[in-house]
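Step one of this worksheet: look at the structure below.
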Amino acid sequence: MSTAGGSAASRLAVTSGTGTVRLKVEQASYAHLATDRSAPTFTLGPISFEAEGHELVAILGPNASGKSTLLTLLAGLNKPLSGRIEVDGTEVTQFDLRVRAQRIALVQQESELLFPLRVWEYVLQGRYPYGRRLRFESDEDCLFAGNALAQVGADLLRDRWMDQLSGGEKQRVILARALAQQPALLLLDEPTQHLDIGGKVELLRRLRRLADGNRYAAIVVTHDLDLAAEFCDRVVLLHRGKCLRVGTAAEVYERALLEEVFEAPLEVEMRPNGRPRVILQGS
Amino acid sequence: MRPLTARRLALICAALGAMLFIAVVISLRMGAYPISIPEIVMTLVNRFFGRRNEIPPDFWNVVYEIRLPRIALGILVGASLSTAGAGFQALLRNPLADPYVLGVSSGAALGAIISLAIAPQTAGMIQFAAFAGAGGTIAAVYFLGRRGGHVDTATLLLAGIVAVSFLSAVIMFLMTTLPGREFRGMAFWLMGDLASPPPISSHWLYLLLVIGVGSIYTTSSDLNLILTGEQEARHLGVNVNRVKIVVYVAASLLTGLAVSVSGAIGYVGLLVPHLMRMMFGSDYRLLIPTSALGGAILVVLADLLARTVVAPTELPVGAMTALVGAPVFIYLMRRRVR
Amino acid sequence: MLETQKLKRANSNNAAMIAFAGALLLLATAVRASADVEPGGQSNARTPRYRIVTDDVGREVKMPIEVNRIVTLAPNLTEIVYALGLADKLAGDTNECDSPPAAKSKPHVGEPQNPNLEAIIALHPDLVLATTAINRVETADALGRLGIAVYTSDGEAETVLGILDSIARMADLMLAQAKGADLVAQMRRRLDELHKRLEDRPMVHVLFVVWLDPLTTIGQKTFIADALRWAGTESVVLSKQTWPQISMEEVIRLEPDYIVFAGTHGESKATELTDLRSRPVWRDLDAVQVGHVVNLNQEVIRPSPGLVDAIEQLARQVHPEAFARRSENRGPSSEIPAEEPIRCAR
């Protein structure tokens with residue numbers, strides 16, 4: 001059972017794979033406080049679900065359903081108004097900044113770099129949480145960074161400049177940096193948004209492999225119904241800030257429910273492997 | 001994969017330090033008064049051993065009252081401005097940022113002009129007033145640039161631009177309406193002038209330099225991360241707001257320090273960080289110390305040229321920094337394999 | 001094992017930082033410019049006797065009683081030195097010292113606003129002359145710190161007579177009292193003569209142009225305004241500033257009788273009457289249409305002996321009737337500059 005301390009012992013525990021990661025979201029709710037620009041208050045929750053190591057969980061919903069907000073709660077960037085969000089028994093907002101970065105990695109969609117940077121430099125930055133302020137990277141850091149690059153299949157990109165990469169390559173490198181953090185929880189915010197169908201499938205397959213092969217739990221925010229169904233162990237369905245259902249894709253994908261949430265005529269078909277497929281209706 | 005190591009940092013700093021030393025030696029040697037290297041060495045050695053009366057007064061004057069103070073000031077100003085420039089480029093996420101973009105030099109200029117109008121004959125007054133003006137502007141722009149308790153980069157930049165415009169207008173107004181006798185000094189101050197040493201002992205100024213550069217240096221790993229995105233940096237555990245405040249205050253104080261003692265010398269804060277980036281990469285753990293050293297070298301050499309090229313006329317240092325820095329910059333730009 | 005490695009890295013990191021800080025501090029100590037050490041004295045072989053005088057800005061100057069090497073930092077001071085007959089004691093002057101022409105071949109120390117301190121030291125001056133009209137306080141301070149005697153005269157005299165006093169004081173300074181008194185008396189005499197001639201003449205209103213773009217003229221509290229009065233003219237611009245900028249509208253409203261330019265600011269061509277006549281707005285001014293444009297030598301804007309020449313020159317052009325009867329009495333004593341005044345083609 002790893003604790004919330006940043007000590008060497010708990011870190012080694014993470015790397016050696018003893019114990020399993022557990023994310024527990026219990027009745028978490030949140031609201032955007034109304035600013036003086038009188039924007040309407042947006043409420044989220046209450047939401048409850050759990051995720052364990054090796055699991056790939058999708059947070060599914062149309063635009064403006066609160067998916068990204070939920071992700072910020074999971075990342076500990078915002079404090080829930082009520083309820084708890086715990087990683088391995090400790091509330092995420094109670095982690096000290098560096099420790100939280102050792103436990104939770106958030107993968108952004110894009111990275112706007114200001115000055116030229118090599119791929120390995122970028123990935124090595126993922127090791128920042130592990131060490132004192134002005135340290136220079138150790139051999140161990142380089143090892144982890146190298147592993148991360150290998151895990152995303154970007155080993156050969158190591159010496160390239162970041163701004164010379166293609167979209168897909170860059171995404172893999174961003175993912176590698178997150179993996180270099182050796183997290184317990186991997187959070188991804190709409191990672192497939194700018195990718196073509198080939199890229200989407202490749203990314204999800206990779207995530208699936210990573211989740212299978214490593215201890216962490218991966219949470220993916222998406223509005224892609226098919227990908228969520230095909231690759232994820234569990235789906236959390238959100239609609240306008242409310243959590244409508246949590247379960248496997250087969251449990252969650254009910255036609256009437258989906259049509260109401262996504263406001264489009266749909267049909268749900270069960271496939272032989274137990275995973276549903278969603279078909280758009282034309283006219 | 002060749003991450004930055006302490007050894008590499010030390011080697012590069014030593015190399016730049018050696019270059020600075022050479023620049024200092026050359027600068028000590030050259031000038032309108034004919035004095036040879038052995039004579040300079042003799043003067044330095046005698047002083048070191050306290051044998052003051054064995055030094056001819058002219059040598060003493062040339063070495064200790066004219067050249068060395070200028071060189072020392074040049075090092076101070078060059079290091080301050082370059083480090084501040086590197087810091088602001090990270091803080092404002094803008095490669096075109098220079099130390100003056102947030103209004104520090106305009107505030108200092110306003111302080112200088114007010115002091116010239118009120119007490120033109122008091123030695124050292126202009127520098128104190130300039131520093132006060134700089135400090136006031138730093139505080140004002142900071143408070144204008146906050147949004148919801150955080151330092152917001154875009155708002156900060158806007159606040160700075162507004163400050164520059166407003167202060168420039170006030171300065172122009174004052175220069176036109178006040179009787180014009182005392183503003184002769186102002187022109188030199190605006191162009192950058194290393195000939196008037198500040199009233200405080202340079203020990204204090206160097207201490208401030210070390211504190212300023214050191215403070216920014218402590219945030220250099222954080223800055224590396226912040227440059228890939230503020231949110232990303234937060235997720236990696238960086239206390240972004242705290243880092244921004246530290247860099248803002250330190251870089252502004254360094255700028256205020258440099259501008260108060262020597263006026264607004266241009267291009268150093270903008271060119272040197274880019275030059276160092278092209279030579280050594282964008283890692284701020286290396287960029288900060290190399291910018292400081294590189295800036296010192298640039299200003300010392302520029303000042304040397306300024307006072308020898310068309311002697312006895314002295315050219316403004318600010319013009320020479322551009323003339324010296326720009327060709328190197330262009331050369332490196334063309335050579336870069338990207 | 002990893003721990004010790006990390007510790008080693010941490011230590012070498014610390015070492016690098018300390019080394020860097022140490023290098024800076026070392027440099028700082030090495031270049032310590034001591035402000036607390038007394039500056040050196042003169043490097044002359046003899047030991048001259050000293051006296052302490054107070055200059056025009058209140059600075060106490062310790063200078064040798066015998067002044068043999070003078071450096072001037074402004075053109076008007078150079079002129080004064082020549083007029084006092086001390087030309088062979090002038091060791092150096094500035095690039096801009098062009099009057100008399102011999103001054104151009106003296107060793108130069110740079111520009112008045114920013115002279116080269118080392119060049120001054122190399123000339124081993126006994127006395128450096130500066131003026132508040134064009135030199136900076138910082139220069140005088142720096143020279144003082146170097147142990148060089150610098151006397152700053154008040155170049156912002158508001159009257160011509162004040163300039164005469166200043167010249168007399170400077171003559172005393174350099175032990176040329178006799179010549180100084182003579183020079184001053186001569187200048188005074190000429191001014192008085194001029195005053196007598198012009199006694200019954202009506203005041204002529206002029207616009208004194210220092211600079212055309214932007215249009216800059218002189219204020220009331222300047223010696224130039226006073227000089228204009230000595231020449232029987234009055235500046236139409238009433239301003240407390242030293243170099244007020246005015247608009248063309250003001251010029252039209254003020255209707256000056258004459259336009260007076262002061263020499264070669266690189267605009268000598270423009271001051272040709274024909275050029276003014278081709279400028280819009282200017283060409284419609286009465287003064288331009290009638291051809292009442294005067295171009296003086298640059299000496300007018302310098303507080304120097306040449307000022308009297310310029311005053312006379314101006315008076316001649318603006319009040320020709322006062323001189324017409326006495327034209328045969330022109331002698332070598334009145335030094336009118338060689339440049340011909342511009343006369344209109346009527």
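The values are calculated or read from the model by the stated rules, or taken from the named source; none is laboratory data. The shown structure was predicted, so the numbers you read here are calculated from the model rather than taken from an experiment. Cβ sites come from the backbone with ideal geometry, for glycine too, and all protein chains shown count toward neighbours.
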Residue match in region B:12-24 (condition: of a type in the set (Val, Ile, Thr), in a helix (DSSP H, G or I) and more than 12 Å from chain C (Cβ to nearest Cβ)): yes
A:VAL14 being at pLDDT below 85, surrounded by 15 or more Cβ atoms within 10 Å (Cβ to Cβ) and in contact with a Lys or Arg (Cβ under 8 Å, 6 or more places away or on another chain): yes
Residues satisfying the stated conditions in region C:293-346, i.e. under 19 Å from the mean Cα position of the chain (by Cα) and at pLDDT 85 or above: C:PRO303, C:SER304, C:PRO305, C:GLY306, C:LEU307, C:VAL308, C:ASP309, C:ALA310, C:ILE311
Selection from region B:203-221 of residues that are closer than 16 Å to B:ALA86 by Cα and surrounded by 21 or more Cβ atoms within 10 Å (Cβ to Cβ): B:LEU209, B:GLY212, B:VAL213, B:ILE216, B:TYR217, B:THR219, B:SER220, B:SER221
Test set (1) outside any helix (DSSP H, G or I); (2) touching a helix residue (DSSP H, G or I) at 6+ places or on another chain (Cβ under 9 Å); (3) at negative phi - A:GLY131 fails condition number: (3)
Any hit, region C:135-151, residues being hydroxyl-bearing (Ser, Thr, Tyr), assigned to a strand (DSSP E or B) and closer than 19 Å to C:ARG69 by Cβ: yes
Residue within region A:214-225 that is acidic (Asp, Glu) and closer than 23 Å to A:ALA51 by Cα present: yes
Pair list, Cβ < 7 Å and 6+ apart or interchain, from region B:26-41 residues that are in a loop (DSSP other than H, G, I, E, B) to residues that are charged (D, E, K, R): B:GLY31/B:ARG67; B:GLY31/B:ARG307; B:GLY31/C:GLU118; B:ALA32/C:GLU118; B:TYR33/C:GLU118
Any pair with Cβ under 9 angstrom, 6 or more apart, that starts in region A:245-262 at a residue that is farther than 13 Å from A:LEU60 by Cα and ends at one that is small (Gly, Ala, Ser): A:ALA250/A:ALA229; A:ALA250/A:GLY274
Counted residues, region A:159-178 - those being more than 22 Å from A:ALA211 (Cβ to Cβ) and without any contact (Cβ under 8 Å) to a residue 40 or more places away in the chain: 3
Selection within region A:109-122 - facing chain B (nearest Cβ under 9 Å), closer than 21 Å to A:PRO183 by Cβ and of a type outside the set (D, E, K, R): A:SER111, A:TRP120, A:TYR122
Residues within region C:63-80 that are within 11 Å of C:SER304 (Cα to Cα) and either free of Cβ contacts under 8 Å to residues at least 60 places away in the same chain or part of a loop (DSSP other than H, G, I, E, B) (or both), tallied: 2
Which listed residue is among the aliphatic types (A, V, I, L, M) and in a helix (DSSP H, G or I), from B:ALA97, B:ALA129: B:ALA129
Residues located in region C:124-136, provided they are facing another protein chain (nearest Cβ under 10 Å), aliphatic (A, V, I, L, M) and surrounded by 21 or more Cβ atoms within 10 Å (Cβ to Cβ): C:ALA133
Lone qualifier among A:ASP212, A:ASP233, A:ASP189 - being touching a strand residue (DSSP E or B) at 6+ places or on another chain (Cβ under 8 Å), touching a residue at least 24 places away in the same chain (Cβ under 8 Å) and surrounded by fewer than 18 Cβ atoms within 10 Å (Cβ to Cβ): A:ASP233
Close pairs from region C:232-253: first at positive phi and away from chain B (no Cβ under 14 Å), partner surrounded by 15 or more Cβ atoms within 10 Å (Cβ to Cβ) and not in a strand (DSSP E or B), Cβ under 9 Å, at least 6 apart: C:GLY232/C:LEU194; C:GLY232/C:ARG197; C:GLY232/C:LEU198; C:GLY232/C:LEU314; C:GLY232/C:ALA315; C:GLY232/C:VAL318; C:GLY232/C:HIS319; C:GLY232/C:ALA322
Which numbered condition B:THR255 misses (of (1) more than 12 Å from chain A (Cβ to nearest Cβ); (2) β-branched (Val, Ile, Thr); (3) free of Cβ contacts under 8 Å to residues at least 60 places away in the same chain): (3)
Flag if A:ILE197 is among the aliphatic types (A, V, I, L, M) and more than 28 Å from A:TYR130 (Cβ to Cβ): yes
Out of A:GLY241, A:GLY198, sole residue that is under 30 Å from A:ALA180 (Cβ atoms) and more than 14 Å from the chain's Cα centre (by Cα): A:GLY198
Selection from region C:205-227 of residues that are at pLDDT below 90 and assigned to a strand (DSSP E or B): C:VAL209, C:TRP211, C:THR216
Region B:1-24: number of residues that are surrounded by 14 or more Cβ atoms within 10 Å (Cβ to Cβ), over 26 Å from A:ASP159 (Cβ atoms) and of a type in the set (Val, Ile, Thr): 1
Meets criteria (among the hydrophobic types (A, V, I, L, M, F, W, C), crowded, with 22+ Cβ neighbours inside 10 Å and within 14 Å of another protein chain (Cβ to nearest Cβ)) for C:VAL81: no
Evaluation of C:PRO100 against (1) at pLDDT 55 or above; (2) within 14 Å of chain B (Cβ to nearest Cβ); (3) loosely packed, with under 14 Cβ neighbours inside 10 Å (one fails), failing number: (2)
Tabulated pairs, region C:137-154, first more than 10 Å from chain B (Cβ to nearest Cβ), second assigned to a strand (DSSP E or B) and of a type in the set (Phe, Trp, Tyr), C-beta under 9 angstrom, 6+ apart or interchain: C:ALA149/C:TYR50
Top-ranked residue in region B:298-338 [being assigned to a helix (DSSP H, G or I) and polar (S, T, N, Q); ranked as farthest from the other protein chains (Cβ to nearest Cβ)]: B:THR321
Of the criteria (1) part of a loop (DSSP other than H, G, I, E, B); (2) facing chain C (nearest Cβ under 10 Å); (3) closer than 30 Å to B:LEU227 by Cβ, which one B:LEU102 fails: (2)
Residue that is farthest from the other protein chains (Cβ to nearest Cβ) [pool: residues in region B:205-233 that are over 17 Å from A:ALA180 (Cβ atoms) and outside any helix (DSSP H, G or I)]: B:THR219
Condition check for B:SER27: of a type in the set (Ser, Thr, Tyr) and more than 13 Å from chain C (Cβ to nearest Cβ): no
Which numbered condition C:GLY180 fails, given (1) under 27 Å from C:TRP243 (Cα atoms); (2) in contact with a helix residue (DSSP H, G or I) (Cβ under 7 Å, 6 or more places away or on another chain); (3) not assigned by TED's automatic domain parsing to the domain that holds C:THR72: (1)
